[in-house]
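One structure is given below, represented as structure tokens, and several questions about it will come after.
The values are calculated or read from the model by the stated rules, or taken from the named source; none is laboratory data. Because the structure is predicted, anything quoted here is derived from the model rather than measured. Positions of Cβ are backbone-derived with ideal geometry, glycine not excepted, and every protein chain shown enters the neighbour counts. Each accessible area value is taken on the protein alone, full model and side chains, heavy atoms only, with ligands, DNA and RNA left out. Shrake-Rupley method; radii C 1.70, N 1.55, O 1.52, S 1.80 Å.
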Amino acid sequence: MTFALSVDSRYLPYEAQQATAFGLNASTALKAITVVPARRLGLDHRIGRLSKGYDADAVVWDSNPLALGSTPIQTYCDGIAQIEKSYTIVKPEESQHMPKTRDVSQAAAETMKHRGEPPLGPKRSAKNVVFQGVSAIFLKVAGSDVHEEISLASASDRPSVVVVTDGQISCVGTDCMTSQTSDFESIDLEGGVITPGLTSYGSYMGLMEIRQEKSTQDGKIPDILVGSSNLLDGLVTYGKDGALFGGKDQLLAYANGITKGIVHPIQSGMFQGVSYSYATNGKTSLDGLVDEVAAVHVGLGQWCDFVPDWCFESAAQWRVPRKD
């Protein structure tokens with residue numbers, strides 16, 4: 001039995017950028033996607049570095065290539081430009097310099113202490129918080145689902161703060177006062193921005209933990225439009241029936257600002273079941289389910305290639321089944 005794992009080479013610079021952000025030496029990260037692969041291919045006498053006599057293969061970036069979000073402006077193969085017109089945006093000045101690395105010593109110690117699986121849940125919680133050094137906050141516009149950015153930048157030396165009292169935003173600005181009787185935790189955002197919790201959609205987080213391991217997922221639902229079976233007639237599959245809570249991906253998502261997820265049953269056919277929404281910090285369906293029925297999911301595309309007995313006549317109408 002053989003097992004092949006393919007990795008798209010387009011993602012390798014991104015992996016180097018992430019590694020640098022989490023503490024890998026910048027020189028080592030750059031070599032990992034240039035000199036080292038060339039050496040492994042036995043082509044390090046021609047490619048892998050910018051040097052006299054080597055192939056003129058090079059990439060020009062709009063910012064430091066190890067900075068997250070850096071984008072190629074031009075690519076040269078044998079000295080010949082490959083991109084006729086590049087589409088880029090102006091990056092901030094800090095993107096032109098070597099990216100800052102995080103201090104991961106504490107995380108590394110926790111990982112060693114817990115044999116590779118440190119606790120991912122919140123370390124602490126507080127209902128009363130004072131956020132200092134806030135540059136902007138996104139607040140929901142009354143009567144709509146739109147969030148408006150409110151800039152808190154001020155020419156004065158007084159820091160802008162956001163006060164949270166009993167889990168609710170109670171004050172925004174420079175003149176906020178806190179109660180002397182309440183116990184407030186102070187957090188300095190150092191010019192950061194406060195936004196609403198993000199929502200995850202498009203992944204199977206909440207129904208699947210490891211894509212390559214079937215025991216960690218609820219399985220693929222049957223396509224009721226393919227084949228004929230009395231057992232499948234009128235069958236509607238609900239994602240909530242296979243809801244997964246407390247997974248590693250969910251806890252990581254929650255720690256990075258994703259507070260809600262929407263997921264539909266695992267399916268690649270046309271009818272993809274009914275999705276549900278959940279809180280990423282939920283432990284069971286009692287405290288994790290937000291909406292048991294979020295939406296009915298239907299996939300549209302070139303179904304003649306996948307379902308030969310049916311074909312689209314238009315975007316909204318089916319043809320009669322073909323008869324052999």
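For the stretch 281-297, enumerate the residues that are of a type outside the set (A, V, I, L, M, F, W, C), assigned to a strand (DSSP E or B) and at pLDDT 90 or above.
Within the stretch 281-297, the first condition is being of a type outside the set (A, V, I, L, M, F, W, C), and the residues that meet it are 281-285, 287-288, 291-292, 297.
Of the ones still in play, those that are also assigned to a strand (DSSP E or B) are 291-292, 297.
Across the stretch 281-297, the qualifying residues are Asp291, Glu292.
Among the listed residues Ser179, Ser186, identify the single one that is open to solvent by 50 Å² or more (accessible area, probe 1.4 Å) and at pLDDT below 85.
On the way: Ser186 fails: at pLDDT below 85.
Checking each option against the conditions leaves just Ser179.
Would you check which residues across the stretch 106-122 are of a type in the set (A, V, I, L, M, F, W, C) and open to solvent by less than 100 Å² (accessible area, probe 1.4 Å) and list them? Full working, then the answer.
Let us first name the residues in the stretch 106-122 that are of a type in the set (A, V, I, L, M, F, W, C), namely 107-109, 112, 120.
Result: Ala107, Ala108, Ala109, Leu120.
Out of all the residues in the stretch 10-53, which are over 22 Å from the mean Cα position of the chain (by Cα) and in contact (Cβ under 8 Å) with a residue 60 or more places away in the chain?
Correct list: Ala26 only.
Kindly indicate whether any position in the stretch 76-99 is of a type outside the set (Ser, Thr, Tyr), in contact with a helix residue (DSSP H, G or I) (Cβ under 8 Å, 6 or more places away or on another chain) and either surrounded by 13 or more Cβ atoms within 10 Å (Cβ to Cβ) or at pLDDT below 85 (or both).
Our first condition is that a residue be of a type outside the set (Ser, Thr, Tyr); within the stretch 76-99, this holds for 77-85, 89-94, 96-99.
From what's left, in contact with a helix residue (DSSP H, G or I) (Cβ under 8 Å, 6 or more places away or on another chain): 98-99.
When the remaining residues are screened for being either surrounded by 13 or more Cβ atoms within 10 Å (Cβ to Cβ) or at pLDDT below 85 (or both), the result is 99.
There is at least one residue in the stretch 76-99 that is of a type outside the set (Ser, Thr, Tyr), in contact with a helix residue (DSSP H, G or I) (Cβ under 8 Å, 6 or more places away or on another chain) and either surrounded by 13 or more Cβ atoms within 10 Å (Cβ to Cβ) or at pLDDT below 85 (or both).
Between Ser125, Ser63, Ser95, which is without any contact (Cβ under 8 Å) to a residue 40 or more places away in the chain and within 30 Å of Cys171 (Cβ to Cβ)? Break it down into steps so the answer makes sense when it comes.
Numbers: Ser63 fails: within 30 Å of Cys171 (Cβ to Cβ); Ser95 fails: within 30 Å of Cys171 (Cβ to Cβ).
Selected residue: Ser125, the only one of Ser125, Ser63, Ser95 that is without any contact (Cβ under 8 Å) to a residue 40 or more places away in the chain and within 30 Å of Cys171 (Cβ to Cβ).
Restricting attention to the stretch 103-118, does a residue exist that is free of Cβ contacts under 8 Å to residues at least 12 places away in the same chain and over 30 Å from Asp249 (Cα atoms)? Walk me through it before giving the result.
Applying the first criterion (free of Cβ contacts under 8 Å to residues at least 12 places away in the same chain) to the stretch 103-118 yields 105-118.
Checking which are over 30 Å from Asp249 (Cα atoms) leaves us with none.
Within the stretch 103-118, none of the residues are free of Cβ contacts under 8 Å to residues at least 12 places away in the same chain and over 30 Å from Asp249 (Cα atoms).
Among the candidates Asp103, Asp145, single out the residue that is at pLDDT below 80 and open to solvent by 60 Å² or more (accessible area, probe 1.4 Å). Explain how you work it out, then say what you get.
Working: Asp103 fails: at pLDDT below 80.
Result: Asp145 is the single residue among Asp103, Asp145 that is at pLDDT below 80 and open to solvent by 60 Å² or more (accessible area, probe 1.4 Å).
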